[in-house]
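The values are calculated or read from the model by the stated rules, or taken from the named source; none is laboratory data. Bear in mind that the values here come from a model prediction, so they are computed numbers and not experimental data. All Cβ positions, glycine included, derive from the backbone under ideal geometry; neighbour counts span all protein chains shown. For accessibility, only protein heavy atoms count, side chains too; no ligands or nucleic acids. Shrake-Rupley method; radii C 1.70, N 1.55, O 1.52, S 1.80 Å.
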Amino acid sequence: QRAQLMLGQSPFAVILGCSDSRVPVEIIFDQGLGELFVIRVAGNVIGPALIGSVEYAAAHLGSRLVAVMGHSQCGAVTAAVEELQKPTSDLTPSIKSIVDRIRPSVEEVMDGELKTRDALVNESIRANVRASAEKLRQGSPLLQEMIDQDGLRIIGANYSLSNGIVEFFDGVP
């Protein structure tokens, strides 16, 4: 199979997931070499290089499904929740940049209603997935065109560490 992949790749899906070591995308989806184009970054946050990676997979490799996948107990989202609840100066500039990208999603679910920390983290994880998926949908003219004309789908998902189930919930009919 590796020899055949030397000729090229045509992954059917792009998965933008968290870099958490407990979320190995190919294993979770039971996929082998060349089947997924996997992009991993803490908190599955979106930036220009990540948008470019998705554009490459969609435009040049033919992938027509993009899934932004968060997961339970995400440390990056938890850090953003904690930073909003009790700001510190302990974050490095690089970690702070990740937290700052997640912050709007946390603020969205902090609607004044008292929530447990776990509930707030869980809701924030889903809000962050929705925000990242929307940034992909709206942040690239190429991806927008491919959505409108070429059947590209961008969806959101959440992986449960406790039961191993992936729930698809954003952009799914």
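Taking every pair of Cα atoms in the range 1-82, average 1/r, invert it to obtain the Kirkwood radius, and report Rg/Rh to two decimals.
Rg/Rh: 1.02.
Please build a GNM for the chain, connecting alpha carbons under 10 Å apart, and tell me which residue among S105, S124, S94 fluctuates the most.
Most flexible of the set in this elastic network: S94.
Mean residue ellipticity at 222 nm from the helices of the chain, using -39,500 (n - 2.57) per DSSP H segment of n ≥ 4 over the full residue count, to the nearest 500 deg cm²/dmol?
Helix-only estimate at 222 nm: -14500 deg cm²/dmol.
At a temperature of 37 °C and a viscosity of 0.692 mPa s, determine how fast the chain diffuses translationally according to Stokes-Einstein, using the Kirkwood radius over alpha-carbon pairs as Rh; express D in µm²/s, rounded to the nearest whole number.
Roughly 197 µm²/s, to the nearest whole number.
Among 42-48, 6-12, 23-29, what's the highest-first ranking by average C-beta atoms within 10 angstrom per residue?
Result, highest mean Cβ count within 10 Å first: 42-48, 23-29, 6-12.
Can you pull out the trypsin sites (Lys or Arg not before Pro) in the range 78-140 that DSSP calls coil and that have at most 16 other Cβ atoms within 10 Å?
K115
Can you tell me the orientation of helix 93-109 relative to the chain, as the angle in degrees between its alpha-carbon axis and the longest Cα principal axis, to the nearest 10?
Helix 93-109 sits roughly 80 degrees off the main axis of the chain.
Apply the Karplus parameterisation 6.51 cos²θ - 1.76 cosθ + 1.60, with θ equal to phi minus 60°, to every residue of the range 126-134 and state each ³J(HN,Hα) to the nearest whole Hz, in sequence, with x for glycine and proline.
Each residue of the range 126-134 in turn: 5, 5, 5, 4, 4, 5, 5, 4, 5 Hz.
Check which residues have an amide H placed less than 5 Å from L65's amide H, if you skip close sequence neighbours.
The list, which skips near neighbours in sequence, is V14, R153.
Using amide H atoms built 1.01 Å from N in the peptide plane, name the residues 5+ places from S140, or on other chains, whose amide H lies under 5 Å from its own.
none
Between G156, G32, G139, find the one with the highest GNM mean-square fluctuation for the chain; connect C-alpha pairs within less than 10 Å.
Judging by the Gaussian network model, the answer is G32.
How much of the accessible area of the chain, in percent, comes from carbon and sulfur atoms when a 1.4 Å probe is used?
Of the solvent-accessible surface of the chain, carbon and sulfur hold 53 percent.
Of T78, T116, T92, which has the most accessible area and how do the rest follow, probe 1.4 Å?
T116, T92, T78
How much length, in nm to one decimal, is gained on full extension between R2 and E107, taken as 0.36 nm per residue of separation minus their Cα-Cα distance?
33.3 nm
If I fit a long axis through the Cα atoms of helix 75-85 and take the longest principal axis of the Cα atoms of the chain, what angle between them do I get, 0 to 90°, rounded to 10?
30 degrees
Taking only protein heavy atoms into account and a 1.4 Å probe, give the accessible area per residue of the range 37-117 in Å².
Averaged over the residues of the range 37-117, the accessible area is 51 Å².
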